[in-house]
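The next block holds one structure in the form of structure tokens; read it before the comments.
Rule-based calculations on the coordinates, nothing more; no lab input. The model shown is predicted, which means the values in this text are computed figures rather than measured ones. So basically every Cβ, Gly included, is an ideal-geometry build from the backbone, and we count neighbours across all protein chains shown.
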Amino acid sequence: MNSNTDTFLSDYEAVYPGLPGSGVKWLDSIRRCGMEEFRAQGLPTGRTEDWKYTRLRSLEDTIFRPATLEDGEVDVNQLPTLFSGDSMVPRIVFVNGCLKTEFSCMDNLPDGVTVDSLRGAMDRDPEWFASHLGQVGCIDGNPLVALNTAMMNSGAVVRVHKDTAVEKPIEMIFVAGLTNGPVAYYPRNLIVMDEGADATFIQHHTGLGGGPYFVNSVTEIEVSGNARLRHYSVQNENVEATHLASIHVRVGCDATYEAFCMSTGGRLSRNESFVRLEGSGGHCGLNGAYMMRGKEHCDNTTLIEHMVPYTSCREVFKGVLDDESRSVFQGKITVHKDAQKTDGRMLSKTLLLSDRAEIDTKPELEIYADDVKCAHGATTGQLNTEALFYLRSRGIPDALARSLLVESFIAEAIEEISHLDVRAAMTGLVASQSSNRRCLGIEISEKSEGYKFE
Amino acid sequence: MLHIKGLHVSVDDTEILKGIDLIIKSGETHAIMGPNGSGKSTLGYALAGRDGYEVTRGEILFKDHDLIEMSPEDRAGAGIFLAFQYPVEIPGVPNTTFLKEALNSVRRYRGEEELDAMEFVKIVREKTKELGIPDDMLKRPVNVGFSGGEKKRNEVLQMAVLNPALAILDETDSGLDIDALKVVANGVNTLRSPERATLVITHYQRLLEHIVPDFVHVLAKGKIQCSGGKELALELEEKGYAEFAQAAE
Ligand SMILES: Nc1ncnc2c1ncn2[C@@H]1O[C@H](COP(=O)(O)OP(=O)(O)OP(=O)(O)O)[C@@H](O)[C@H]1O
Ligand SMILES: [Mg+2]
């Protein structure tokens with residue numbers, strides 16, 4: 001135990017009565033276990049192999065108090081969405097981790113889909129909830145899951161019932177910031193896809209205003225046989241935020257888990273995905289992109305475990321680093337002894353726009369079966385100056401030309417998104433991000449007016 | 001229109017162009033011929049403003065403005081177009097997006113309204129039809145997987161869309177089949193007008209039968225060794241460059 005472990009739990013006794021399910025026996029014992037485990041392990045440090053490249057210094061120099069309902073006055077127009085033209089997209093909204101029903105929009109949820117907050121889930125079907133919470137995300141050896149388990153104050157609990165197929169995405173929106181002093185919040189999400197269910201969720205994490213805050217998020221996912229979950233996320237925390245999120249997934253027979261995570265913000269962000277392919281025919285697509293600048297640090301750490309024969313995975317990450325930003329990519333594919341005929345592919349490509357930017361890449365294959373097809377690749381490069389000159393020689397201003405090249409670089413990851421509306425929206429997001437970061441072409445062409453030719 | 005005076009250009013501290021003098025007036029077509037490695041492409045890049053092509057001496061005036069001080073995009077806006085000897089592949093950027101951004105950038109520069117998608121498509125359709133370019137080449141990423149000849153056609157398409165005052169064609173004829181050569185030559189000839197000029201870099205007399213030059217220059221060892229009318233190209237075809245290169249010794 002170290003002293004800063006205490007700062008996270010010191011408020012526990014005060015906060016506990018207000019947490020969802022306080023006094024409910026099974027949940028109490030889960031929380032206590034989480035607390036003990038976190039006390040025992042403390043925050044991850046560089047001594048743990050997985051945390052060698054990402055240090056949690058941002059958590060050491062600040063004391064975060066747990067966020068409350070009173071934190072954060074947010075305007076509905078500030079809420080992020082991928083579908084700004086469509087007010088009918090169902091959504092559940094949390095501000096600093098607290099459910100805001102007035103911003104949420106769940107009247108038009110399709111039949112067969114339930115979306116609740118943690119508290120709501122306790123009321124709807126406590127037995128079902130008890131039998132799923134904590135089943136996939138394990139606290140052993142994972143202090144951040146343990147901390148979240150002790151402190152979880154809200155989050156979305158989703159169930160898509162048997163054979164329900166929904167094309168239209170549902171948004172889960174987490175906004176943070178606009179608080180009085182640094183706060184921490186602990187969302188805990190659970191998504192259960194029953195047999196044959198098919199749905200798409202978009203998880204937003206957005207920082208509004210300045211100031212440091214800490215998000216420790218855990219999402220547990222079960223994709224049952226023949227089901228498909230498309231789980232897309234957009235992490236755009238503010239430049240002082242620390243965002244530590246882990247996703248724990250179990251994929252059944254002939255089921256598909258398709259994820260895409262777009263990271264564009266955060267002083268320090270780490271997205272961990274742990275996927276177990278437990279049924280034959282199971283497939284996992286784990287993809288993402290990140291665009292960092294300033295001193296931002298972005299970490300994507302993934303583990304895909306092939307447990308049984310005939311499972312497949314595909315992983316494509318693309319990153320663009322500017323200024324002094326840093327990124328870490330740790331991708332591991334484990335093929336267990338019985339998992340013959342595994343087909344696994346992993347690719348990580350990074351574009352460095354500045355010579356002060358840095359990437360640490362660690363792709364890993366751990367294979368115990370003998371009849372498998374697995375490959376990984378990782379590249380790091382700079383903007384292609386020849387292409388840049390070609391574009392500019394056609395009149396395209398330098399800044400716009402760079403944006404085009406950045407967008408085209410990231411496109412390879414975005415193309416993995418099978419939901420076409422989401423793919424288009426993500427493409428738009430990348431375009432606005434890449435043109436935001438440098439002065440726009442317009443400015444340059446105005447400057448050019450100096451030369452007039454008749 | 002273009003006035004090059006005593007131009008010296010170095011690449012990586014190696015002097016490639018060693019004093020080029022060339023005047024191109026509106027309405028004229030000039031051809032530059034010369035052995036491999038003589039500096040023809042270097043001249044094209046220097047005119048287009050490529051980084052690393054350092055002008056160590058001399059000047060380039062384009063419509064009385066100092067070109068050397070201008071960025072590549074400003075030069076394009078001002079009306080310079082270089083058809084690359086080796087067009088660059090740009091994965092992930094669709095050809096149409098590229099053309100549209102280019103055309104609108106140049107239009108902004110010239111103080112013209114940007115075109116909306118409909119107007120743009122109309123212009124491009126017209127040009128692709130003239131040049132016999134299939135529509136799917138527009139949807140594909142810029143030059144990626146294009147055959148050698150397709151890349152050259154794509155250069156000519158860009159030229160036709162951007163409508164430059166001075167077109168520099170760097171071996172646009174190499175790799176073209178006979179029909180494509182005619183199409184390309186046709187594309188260049190339709191642009192010919194009293195307000196425009198063309199600089200054709202080529203190894204072959206054949207192209208010059210279709211794009212008939214007013215002047216032919218022989219570039220060897222970084223200098224223009226000799227200039228003449230269109231007959232000079234025929235003479236070169238017969239005798240080769242050896243004589244001219246020797247003259248430089
Ligand atoms: N980075 C460099 N450093 C040194 N020399 C260079 C560099 N780049 C090009 N050169 C040299 O400059 C010379 C001129 O090259 P350039 O491409 O202009 O020739 P060219 O006349 O276009 O030839 P070709 O007919 O083969 O196209 C060549 O000898 C080439 O090797
Ligand atoms: Mg050349």
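Things worth noting here:
- Acute angle (nearest 10 degrees) that the helix A:398-414 long axis makes with the longest principal axis of chain A, alpha-carbon atoms: 40 degrees
- In plain terms, the residue of A:THR81, A:THR200 with the fewest other Cβ atoms within 10 Å comes first and the most crowded comes last, giving A:THR81, A:THR200.
- At q = 0.16, 0.25, 0.28 Å⁻¹, base-10 log of I(q)/I(0) for segment B:29-87 (Debye sum, equal scatterers on each alpha carbon): -0.53, -1.23, -1.39
- Pairs over the 19 Å Cα-Cα cut-off, from the set A:LYS25/A:LYS162; B:LYS40/B:LYS127; B:LYS129/B:LYS152: A:LYS25/A:LYS162; B:LYS40/B:LYS127.
- Quotient of C-alpha Rg and 2.2 N^0.38 Å, computed over segment A:22-115: 1.54
- Unit Cα scatterers, Debye sum, segment B:2-248: log10 I(q)/I(0) for q = 0.16, 0.17, 0.18 Å⁻¹: -1.23, -1.37, -1.51
- Taking Cα atoms only, the orientation of helix A:420-437 departs from the longest principal axis of chain A by about 60 degrees.
- Calculated SAXS-style log₁₀ I(q)/I(0) at q = 0.10, 0.11 Å⁻¹ - segment A:112-247, Debye, Cα scatterers: -0.34, -0.41
- As an equivalent ellipsoid, segment A:171-234 spans semi-axes of 30, 11, 6 angstrom, where each value is the square root of five times an eigenvalue of the C-alpha gyration tensor, largest first.
- Mean shadow area of chain A over all directions, Cα convex hull, nm²: 23.0 nm²
- Gap separating the Cα centres of segment A:37-83 and segment A:348-423, nearest whole Å: 28 Å
- The alpha-carbon of B:LYS239 sits under 15 angstrom from the alpha-carbons of these aspartates and glutamates, leaving out residues fewer than 8 places away in its chain: B:GLU231.
- Cross-link partners of A:LYS349 among lysines (Cα-Cα below 23 Å; sequence separation of 8 or more within a chain): A:LYS52, A:LYS295, A:LYS318, A:LYS332, A:LYS362, A:LYS373
- Each peptide in A:147-156, B:179-188 receives the mean, over its residues, of other Cβ atoms within 10 Å, and ordering these scores from highest gives A:147-156, B:179-188.
- J(HN,Hα) series, segment A:74-90, from Karplus relation 6.51 cos²θ - 1.76 cosθ + 1.60, nearest Hz, glycine and proline x: 10, 9, 4, 6, 8, 5, x, 7, 8, 10, 5, x, 10, 7, 8, 5, x
- Assigned charges on the beta-carbon of Lys, Arg, Asp, Glu; chain A dipole about Cα centre (debye): 680 debye
- Only Lys, Arg, Asp and Glu carry charge here, each on its Cβ (+1 for the first two, -1 for the last two); on that basis segment B:1-79 has a dipole of about 340 debye about its Cα centre.
- Among A:SER224, A:LEU82, A:MET122 - extreme Cα towards positive end, dipole of chain A, charges at beta-carbon: A:LEU82
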